[in-house]
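Undergrad: The structure's right below; bear with me while I get my questions together.
The values are calculated or read from the model by the stated rules, or taken from the named source; none is laboratory data. Because the structure is a prediction, the values reported are computed rather than measured. When we count neighbours, we look across all protein chains shown, and the Cβ atoms used for this are built from the backbone with ideal geometry, even at glycine. For accessibility, only protein heavy atoms count, side chains too; no ligands or nucleic acids. Shrake-Rupley method; radii C 1.70, N 1.55, O 1.52, S 1.80 Å.
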Amino acid sequence: MNRAKRSAVILAAAVLLLACAFALRAAGDRTPPRIEAKIAEINKYGNLILTVGPESLTALGYEPGDMILVEIGGAGLRMPIGTSYSDVDSGEPICCYKTSTTTGTQVVVLALNGGNLAQELGVSDPDAAVTISMAAKQGYADEYELHRLTASRSNDRADYPKLSDAEYANFRAAETRGMGAGTLFRSSSPIDPALNRSAEADAALFEAQVRTVVNMADSEETMRQYADYGLTHYAACDVLALDMGTDFADADFRQKLTEGLRFIASHDGPYLIHCKEGKDRTGFAAAVLECLMGADADEVVRDYMLSYTNFYGIEPGTKAYEKIAAGNIETVLARAFGVSSIRDGNADLRALAEAYLEGCGMSRDEISLLKEKLGRDCGGLD
């Protein structure tokens, strides 16, 4: 759909929805009507951007915390309305009211947190019809309020006076059992300025003397188009750009993860893995590697949750902390490893990580070399 046609469709849909809203209020009917919309775009993550915006849906009575039924091409799926993908657990669907990172406008996005909704529903036509109806007014309110604790991230450095620059950039070493000292680091993007953390991340990268970088978020072309890329310390490293999606179970994700780990095994450390926030794709990759090197579940979860502490102030021991850990890294790792829980006393996380990487296509020799590289101490390199 070209830009002019899309704009016309969006305008017509907005006018229709607003007319319905006025009619609804005039009639005194508080039951939100069914909404007919179309898909304006299917992005690279499989998220469906609709032709209607949050203001139009809100005017009709659809608000965050509501549970809705979305029907596309004969398939129906219940999902809550929220304002962040993390308002639901990993693998769960959501209707998200958010700001587009490309246009800066408010959009309605149907997504699968950590997955590919278009693929899940078998949707490939960007003009496909979508019907939205109310399933339960504020039927997700309690869960929404709990998840909303993660909406407090700011991109203003002044809002994090207690954090070091490295912590603000979500930059840290993996210090779990078996990992070499100063060998593997993780971070938000040192080159993408969207979160206003790239300068701090790049400085921390330089301080850590990182030599090898696996960029899980960008393509080679996108990576080199960031402003002042050539002036960064990052640009002097050996960098592999993987342009990965967020669906951990997808074959493409597994193939690209394998490519990234082979890159690490064939290069010298210290190493950095990052995506955009350094939380989801990076969090999963770091967790697999920590398990591979001998970390237990407590260590893995503690390192993963540091991102939520750095970004959102979620502290250990709180209800939100336990909920987020259980609904994200614990669930995702258990699915990847094919076990009911990573906290099962009989779960050998090292063996499970090795089996997972073999299933992704790595040979035993490649895994052994990877373990050897990650087990070396790199701290204090000249």
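Undergrad: Of everything in the range 106-148, what is without any contact (Cβ under 8 Å) to a residue 60 or more places away in the chain, surrounded by fewer than 17 Cβ atoms within 10 Å (Cβ to Cβ) and out of contact with any Lys or Arg (no Cβ under 8 Å at 6 or more places or on another chain)? Give them in sequence order.
TA: Scanning the range 106-148 gives GLY122, ASP142.
Undergrad: Any idea which of (1) open to solvent by 10 Å² or more (accessible area, probe 1.4 Å); (2) part of a strand (DSSP E or B) is the one LEU272 doesn't satisfy?
TA: Unmet for LEU272, out of (1) open to solvent by 10 Å² or more (accessible area, probe 1.4 Å); (2) part of a strand (DSSP E or B): (1).
Undergrad: How do the strands (runs of 3 or more DSSP E) wholly within the range 31-105 filter down when requiring 1 or more residues that are under 19 Å from GLU277 (Cβ atoms): which remain?
TA: Because the criterion is at least 1 residues that are under 19 Å from GLU277 (Cβ atoms), the strands (runs of 3 or more DSSP E) in the range 31-105 that meet it are 75-82, 93-99.
Undergrad: Which one of these is in contact with a Pro (Cβ under 8 Å, 6 or more places away or on another chain) and of a type outside the set (Gly, Ala, Ser): ASP202, ASP142, ASP192, ASP159?
TA: ASP202
Undergrad: Then there is this: Have a look at SER124, SER90 and point out the one that is within 22 Å of ARG281 (Cα to Cα) and of a type in the set (Gly, Ala, Ser).
TA: So the residue among SER124, SER90 that is within 22 Å of ARG281 (Cα to Cα) and of a type in the set (Gly, Ala, Ser) is SER90.
Undergrad: Something else now. For the range 306-325, give me each residue that is assigned to a helix (DSSP H, G or I) and in contact (Cβ under 8 Å) with a residue 24 or more places away in the chain.
TA: Correct list: LEU306, SER307, TYR308, ASN310, PHE311, TYR312, LYS319, ALA320, LYS323, ILE324, ALA325.
Undergrad: Out of the range 170-208, which residues are in contact (Cβ under 8 Å) with a residue 60 or more places away in the chain and more than 20 Å from the chain's Cα centre (by Cα)?
TA: Hits for the range 170-208 are GLU175, THR176, ARG177, GLY178, MET179, GLY180, ALA181, GLY182, THR183, LEU184, LEU205, ALA208.
Undergrad: Considering each of GLY278, GLY361, GLY317 in turn, give the residue that is touching a Ser or Thr at 6+ places or on another chain (Cβ under 7 Å) and either more than 22 Å from LEU240 (Cα to Cα) or open to solvent by 30 Å² or more (accessible area, probe 1.4 Å) (or both).
TA: That would be GLY361, the only listed residue that is touching a Ser or Thr at 6+ places or on another chain (Cβ under 7 Å) and either more than 22 Å from LEU240 (Cα to Cα) or open to solvent by 30 Å² or more (accessible area, probe 1.4 Å) (or both).
Undergrad: Take the range 333-358 and flag every residue that is loosely packed, with under 15 Cβ neighbours inside 10 Å and among the acidic types (Asp, Glu).
TA: Passing the criteria: ASP344, ASP348, GLU358.
Undergrad: Follow-up. May I ask you to verify whether GLY74 is open to solvent by less than 10 Å² (accessible area, probe 1.4 Å) and either more than 20 Å from GLN138 (Cβ to Cβ) or of a type in the set (S, T, N, Q) (or both)?
TA: It is false that GLY74 is open to solvent by less than 10 Å² (accessible area, probe 1.4 Å) and either more than 20 Å from GLN138 (Cβ to Cβ) or of a type in the set (S, T, N, Q) (or both).
Undergrad: Yes or no: the range 155-162 includes at least one residue that is under 24 Å from LYS323 (Cα atoms), among the basic types (Lys, Arg), open to solvent by 20 Å² or more (accessible area, probe 1.4 Å) and part of a loop (DSSP other than H, G, I, E, B).
TA: Among the residues of the range 155-162, not one is under 24 Å from LYS323 (Cα atoms), among the basic types (Lys, Arg), open to solvent by 20 Å² or more (accessible area, probe 1.4 Å) and part of a loop (DSSP other than H, G, I, E, B), which makes the answer no.
Undergrad: Does VAL339 fit the bill of being part of a helix (DSSP H, G or I) and among the aliphatic types (A, V, I, L, M)?
TA: No; evaluated as a whole, the condition is false for this residue.
Undergrad: A further question on this structure: Residue check: is GLY245 touching an Asp or Glu at 6+ places or on another chain (Cβ under 7 Å) and open to solvent by less than 30 Å² (accessible area, probe 1.4 Å)?
TA: Yes, satisfied.
Undergrad: Test of understanding: among GLY269, GLY278, which residue is in contact with a strand residue (DSSP E or B) (Cβ under 7 Å, 6 or more places away or on another chain) and on the phi > 0 side of the Ramachandran plot?
TA: Exactly one residue qualifies, and that residue is GLY278.
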